[in-house]
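Read the figures in this text as sums done on the coordinates, not as results from a lab. Keep in mind that this is a model prediction, so the values were computed, not measured. Don't worry about glycine lacking a Cβ; one is built from the backbone with ideal geometry, like all the others, and counts go over all protein chains shown.
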Amino acid sequence: MFEAAFETTEKAAADAAKSAAALVKVAKQLSHAARDGDILKLRRLAEQLRIAGHEASQAAEHAASSWRLTEDEVRAHLRDGFAAELIDVARAAGLEIRRLDDRLVASPSLIRALPDQRAVQIDRRKVTSLRPSHLVRLLSARRADKPRFRPEQFIEVLYVATKTLAGPDGAMSKKLADVYRVLTLLPGSRRDYSHSDFARDLYFLERSPVRTTKSGAVVSLPASTGTKSSRDLFTFVDAAGETVHYYSIKFEEPR
């Protein structure tokens with residue numbers, strides 16, 4: 001829907017630009033004829049200029065009215081059909097995009113439609129360019145970028161949250177769902193930092209060489225029988241299309 005609509009407007013705008021260029025060309029020729037005093041050329045070019053001006057006006061009007069989608073239709077498509085269209089366009093271009101909770105994953109990027117803002121969110125960035133083929137090129141390019149994720153900072157955040165949960169018994173092995181609840185206590189924080197965001201950060205941490213906090217505690221993300229159920233499970237899709245799951249976290253304090 002979006003791809004075809006944008007293509008139609010792009011073509012109409014290109015036709016308008018071509019007509020405008022033809023108008024400019026004839027106008028310059030007319031100017032040269034007047035400068036040289038060539039009355040025969042002047043009369044002929046004046047008529048050509050009228051024709052070119054009419055054609056340019058028609059092309060401009062066509063281009064201006066070529067975008068037919070209403071604001072309500074744009075919002076509805078972003079809400080209900082955009083994800084499927086983006087996945088299809090990406091697949092045709094050789095990029096795998098998968099659904100994950102309320103978002104899409106083009107690893108390592110997370111994409112979420114923002115219907116009311118007529119935009120999408122890619123990771124933490126708001127993007128108002130909605131043509132699927134453009135987004136696919138953008139997402140493909142982001143794969144080559146070095147992630148801005150800082151594992152040294154994230155492991156410290158996880159350690160503090162786990163230590164907060166440990167309480168008097170001091171047990172430093174907790175469900176990640178409980179850790180996530182501690183990290184998103186502030187109102188609205190779960191909207192800004194979703195389950196998918198947390199799962200991606202866990203994936204980045206696991207793939208990084210960082211395992212030790214500043215105090216010397218060593219982190220691990222052990223498998224658990226809890227992974228048999230989707231409840232309290234954090235899931236991410238890597239660049240190869242493989243699904244990875246995270247359920248619990250453990251810190252071993254230095255002795």
### Query
Using +1 on the beta carbon of Lys and Arg, -1 on that of Asp and Glu, and nothing else charged, what's the dipole of the stretch 151-252 about the Cα centre, debye to 20?
220 debye
### Query
Distance in nm between label sites at D232 and S140, each 7 Å beyond Cα in the beta-carbon direction?
4.3 nm
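Let me have the 222 nm mean residue ellipticity of the chain computed from DSSP H runs of 4+ only, each contributing -39500 (n - 2.57), with the sum over all residues rounded to the nearest 500.
Helix-only estimate at 222 nm: -17500 deg cm²/dmol.
Peptides 124-137, 181-194: what's the order by average Cβ count within 10 Å, highest mean first? Walk me through the intermediate numbers first.
Working: 124-137: 15.1, 181-194: 12.7.
Averaged packing, sorted descending, gives the order 124-137, 181-194.
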### Query
Karplus couplings for the stretch 96-104 from phi (6.51 cos²θ - 1.76 cosθ + 1.60, θ = phi - 60°), rounded to Hz, Gly and Pro as x?
8, 10, 10, 7, 8, 6, 8, 10, 10
### Message
Can you list residues from other chains, or at least 5 along the same chain, whose modelled amide H is less than 5 Å from the amide H of A113?
### Response
Q121
### Task
Enumerate the amide H contacts of L100 below 5 Å, restricted to partners 5 or more residues apart or on another chain; note that Pro and chain-start residues carry no placed amide H.
V105
#### Entry: Shape category assigned to the stretch 1-47 from the gyration tensor of Cα positions, a/c cut at 1.5
prolate
### Task
Would you mind working out the magnitude of the charge dipole of the stretch 11-90 relative to its Cα centre, with +1 at each Lys and Arg C-beta and -1 at each Asp and Glu C-beta, to the nearest 20 Debye?
680 debye
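If you take the beta carbon distance between A14 and I51 as r and set R0 to 22 Å, what does 1/(1 + (r/R0)^6) give as a FRET efficiency, to the nearest 0.05?
With R0 = 22 Å, the Cβ-Cβ based efficiency is 0.60.
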### Task
Could you run the Karplus curve 6.51 cos²θ - 1.76 cosθ + 1.60 with θ = phi - 60° over the stretch 59-66 and give me ³J(HN,Hα) per residue in whole Hz, x for Gly and Pro?
5, 5, 5, 5, 5, 5, 9, 6
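How high is the FRET efficiency from R43 to Q121, r the C-beta distance, R0 41 Å, rounded to 0.05? Spell out each step's value before the answer.
Details: r = 60 Å, r/R0 = 1.46.
FRET efficiency, R43 to Q121: 0.10.
Once you charge only the Cβ atoms, +1 for Lys and Arg and -1 for Asp and Glu, what is the size of the charge dipole of the chain about its Cα centre, to the nearest 20 debye?
Numbers: 42 positive and 34 negative charges, 112 e Å.
The calculated dipole for the chain is roughly 540 debye.
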